[in-house]
Every structure is written in C-alpha cells, then in structure tokens.
1. Just the residues that are of a type in the set (Lys, Arg) and in a strand (DSSP E or B), please, taken from the stretch 87-145.
2. For the stretch 147-164, name all the residues that are part of a strand (DSSP E or B) and either in contact with a His (Cβ under 7 Å, 6 or more places away or on another chain) or closer than 15 Å to Ala113 by Cα (or both).
3. Is the stretch 141-160 home to any residue that is surrounded by 14 or more Cβ atoms within 10 Å (Cβ to Cβ), under 21 Å from Asn82 (Cα atoms) and in contact with a Gly (Cβ under 7 Å, 6 or more places away or on another chain)?
4. If Ala110 satisfies every condition in (1) at pLDDT below 95; (2) within 20 Å of Leu77 (Cα to Cα); (3) touching a strand residue (DSSP E or B) at 6+ places or on another chain (Cβ under 9 Å) but one, which is the exception?
5. So, of the residues in the stretch 118-140 that are under 23 Å from Met80 (Cβ atoms) and in contact with a Lys or Arg (Cβ under 6 Å, 6 or more places away or on another chain), which turns out to be surrounded by the most Cβ atoms within 10 Å (Cβ to Cβ)?
6. Looking only at the stretch 76-110, how many residues end up being within 15 Å of Tyr157 (Cβ to Cβ), exposed (fewer than 13 other Cβ atoms within 10 Å of the Cβ) and of a type in the set (A, V, I, L, M, F, W, C)?
7. Which condition from (1) of a type in the set (Lys, Arg); (2) out of contact with any Ser or Thr (no Cβ under 6 Å at 6 or more places or on another chain); (3) over 30 Å from Thr66 (Cβ atoms); (4) surrounded by 14 or more Cβ atoms within 10 Å (Cβ to Cβ) is the one that Lys168 breaks?
8. So which residues in the stretch 165-176 are assigned to a loop (DSSP other than H, G, I, E, B) and closer than 18 Å to Leu73 by Cβ?
Amino acid sequence: MNDNELFTEAGEATLDGPAGSTGDLRAQLDAANAKADDNYQKFLLAMADFENYKKRMERDISSIVTSHRRKLLERFLPVMDNLERALAFDQSGGDKLRGGIEQTLRGFEAILASEGVKQIDVKDKPFDPRVAEAIGTLPAPFGVADDTVMEVAEKGYTIGDELLRPAKVLVAKRQG
C-alpha cells in the first residue's frame, strides 16, 4: 500500500491528488459533523417535547382523578344529610335502630375525614357567599346583626382548600 491510499470501514478508497482530495474529505467531514450536530439538536428538542408531554399527561390524569374523587364524595353528602335528619327526627335515643344509624353516620364521617373533607362552620357567623348559599331570611333577634347565619338547612363541606358543597343557610334580616 502506498501513501496515497486510505482505508475506510466500508471499503477502500484511494487518493488521487496530494492536497485537493484531502480538502474534499475535510469538507465531507465538516458536513457530516454539521449534520450530526443538527440531528443531535433535533434529538434534544424531541426529548424536551416528550418530557413536556409526560408532565402534561400527569397533570391531566391527576385532574381527572381529582374530579372523579370529588364527584364521588359529593354523592355521599346527601346520604349523610338523610342519616342526620333521621337522627334528629327520633330523639328518644334508646332503640337499636338509632344506634345503627348513628354508627353508619359516624362511618361516613370517618371516610370523608380520611379523604380530607371538612364541615364548614357557619352558624352564628356573618354570611359569606363564598362558602354559603342563602335560601331564606329570618327576623333578626335583638343583638344579632343583619346577615348573620341563624340556621343551617344543609351543611357545607370543603375538600382541602376547595369548596365541595356550599352550606344552605337562613340569615338574619331586620324588619322594616
């Protein structure tokens, strides 16, 4: 083999001129390096897009799960209301049925508490439309300010920092 021959992995190539061919090889190498750099940049962009896609999908899935969880918990609230009404209706407190209803209600309360659901305390406080819905008014007794919650018709609940269900209340209003 003489000094003008170059062996490559794909086969054998010969150099015909001392300086001109080396310049062509340098240009080809530079073009290949530029193409490799371009492909690497495209790869990095694709990886960044994929990471953004994964994060977006995680947020979307989390949002869907939270939404379904919230809907399920909201469906428990009327059951709890009915159990509380049943207990309020029968104040005798001596029979086994009442004890069963109380235990069932406590079970629901425990489940909701374990899911981060808390009851909103609005009675005898100023009416707050962010957490309560006024469904009527009552005459304000002496010493009670207007727009004070007098009675709670339906309890309100939060889940974490978000409102799950507003309380339905009766507020005090001055006559005349």
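1. Within the stretch 87-145, the first condition is being of a type in the set (Lys, Arg), and the residues that meet it are 96, 98, 106, 118, 123, 125, 130.
Across the stretch 87-145, the qualifying residue is only Lys118.
2. So the first thing to find is which residues in the stretch 147-164 are part of a strand (DSSP E or B), and the list is 148-154, 156-159, 162-164.
Of everything in the stretch 147-164, those that are part of a strand (DSSP E or B) and either in contact with a His (Cβ under 7 Å, 6 or more places away or on another chain) or closer than 15 Å to Ala113 by Cα (or both) turn out to be Gly156, Tyr157, Thr158, Ile159, Glu162, Leu163, Leu164.
3. Looking for residues that are surrounded by 14 or more Cβ atoms within 10 Å (Cβ to Cβ), under 21 Å from Asn82 (Cα atoms) and in contact with a Gly (Cβ under 7 Å, 6 or more places away or on another chain), one finds at least one in the stretch 141-160, hence yes.
4. (3)
5. Within the stretch 118-140, the match that is surrounded by the most Cβ atoms within 10 Å (Cβ to Cβ) is Gln119.
6. Total satisfying the criteria: 2.
7. It is condition (3) that Lys168 fails.
8. In the first step, residues of the stretch 165-176 are kept if they are assigned to a loop (DSSP other than H, G, I, E, B); the result is 166, 174-176.
The one that is assigned to a loop (DSSP other than H, G, I, E, B) and closer than 18 Å to Leu73 by Cβ: Pro166.
The values are calculated or read from the model by the stated rules, or taken from the named source; none is laboratory data. From a predicted model like this one, the values you see are computed outputs, not experimental measurements. Neighbour counts run over all protein chains shown; Cβ positions are idealised from the backbone, glycine included.
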